[in-house]
Amino acid sequence: MKRNFALQAVGGLLLIALWEGLTRGLNVPEYIFPRFSVLVKEFAKYPGDFLDGFWKTSLESFAGLLLGGCAAYLLAIAFSFSRIFQQLFYQWFVALKTVPIIAISPMIVLWVGSGRLSKVLMASIITFFPILVNTLQGFYNITENQRNLFKSLNASFWQTFLRLRIPMSLGYFFTGLKVASPLSAIGAIVSEFSGANEGLGYIILQASWNSNTRALMVAVILSSIMGIALYRMIEFCEYFIGKFFPHLQKIEQ
């Protein structure tokens, strides 16, 4: 794990060096694509504003991911119990996924207001479907031999559910969370476009209106860092829970 972190850090430094070198060597105008060193100076001018926006959007993204993950897992359990129930409602969640999030966001603001709840709901909606699909795959990926083993041990329904189906689904559930974690940041930021006076989405919108490329790029980089942080947090949770669930099935990505 430490080696992977070191390699990722080196890769990030190489990317920054390439960015700085190309923009300097090609003499790219600052208003088109500013140098990384210029962005560092821009961040140093207003660290409080940027960090405050980063923190508030991070909280909204995390809360949305948590809400969407819990809802998706519970619904996946319900679908795994009844194929008829799944056939009745699954296609409507597919339909919801096809609706552009930029169209959903204003409606949520109208329904619940422009406060933090609308951002959390937007993040949960965009993260819900990939978690649901992956978790369902885990519940259905139980072999006949595994079922027969539990039957031969006279395991009850709940024993089979808790000791076979839940452990088999966890690996897929965490895969869905890792796929959805960057999406939660996107959902929160897009929701901030529709009505907010704080957060990274608000900073991006204001910078776009004022043609402030430097502030815009700083906010974009911070949103990327937020997505990476959420992803790494899910990875750590998967690693930690795996110590207590030896049957946790991991999926190689």
What are the pairs, 6+ residues apart or on separate chains, where a residue within the range 22-37 that is within 15 Å of VAL220 (Cα to Cα) has its Cβ under 6 Å from a residue that is aromatic (Phe, Trp, Tyr)?
PHE36/TRP19
Scan the range 109-129 and report the pairs whose first residue is under 20 Å from THR98 (Cβ atoms) and in the same structural domain as SER184 (by TED's automatic domain parsing) and whose second residue is at pLDDT 90 or above and not in a helix (DSSP H, G or I), with Cβ atoms within less than 9 Å and a gap of 6+ or a chain change.
none
Odd one out for ASP49 among (1) charged (D, E, K, R); (2) over 26 Å from ILE234 (Cβ atoms); (3) without any contact (Cβ under 8 Å) to a residue 60 or more places away in the chain:
(3)
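Being in contact with an Asp or Glu (Cβ under 7 Å, 6 or more places away or on another chain), of a type outside the set (S, T, N, Q) and either more than 22 Å from ALA72 (Cα to Cα) or part of a helix (DSSP H, G or I) (or both) is the requirement here; does TYR231 meet it?
Numbers: in contact with an Asp or Glu (Cβ under 7 Å, 6 or more places away or on another chain): no; of a type outside the set (S, T, N, Q): yes; either more than 22 Å from ALA72 (Cα to Cα) or part of a helix (DSSP H, G or I) (or both): yes.
Here the answer is no, as TYR231 does not meet what is asked.
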Sort out which residues of the range 54-89 are over 22 Å from LYS178 (Cβ atoms), of a type outside the set (Lys, Arg) and either in a helix (DSSP H, G or I) or touching a residue at least 24 places away in the same chain (Cβ under 8 Å) (or both), and write them in order of number.
TRP55, ALA78, PHE81, ILE84, PHE85, GLN86, GLN87, LEU88, PHE89
Could you say whether any residue in the range 51-66 is small (Gly, Ala, Ser), touching a Phe, Trp or Tyr at 6+ places or on another chain (Cβ under 6 Å) and surrounded by 13 or more Cβ atoms within 10 Å (Cβ to Cβ)?
no
Restricting to the range 118-148, name every residue that is loosely packed, with under 15 Cβ neighbours inside 10 Å and more than 20 Å from TYR172 (Cβ to Cβ).
ASN148
Which members of the range 189-218 meet the condition of being in contact with a helix residue (DSSP H, G or I) (Cβ under 7 Å, 6 or more places away or on another chain) and under 20 Å from VAL28 (Cα atoms)?
ALA207, SER208, ARG214, ALA215, LEU216, MET217, VAL218
Which ranges mark the helices (runs of 4 or more DSSP H) fully within the range 96-157 that have 1 or more residues being more than 22 Å from GLY68 (Cβ to Cβ) and modelled with pLDDT under 85?
144-152
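The values are calculated or read from the model by the stated rules, or taken from the named source; none is laboratory data. Computed from a predicted structure; not experimentally measured. Please note: Cβ atoms are built from the backbone with ideal geometry, for glycine as well, and neighbour counts cover all protein chains shown.
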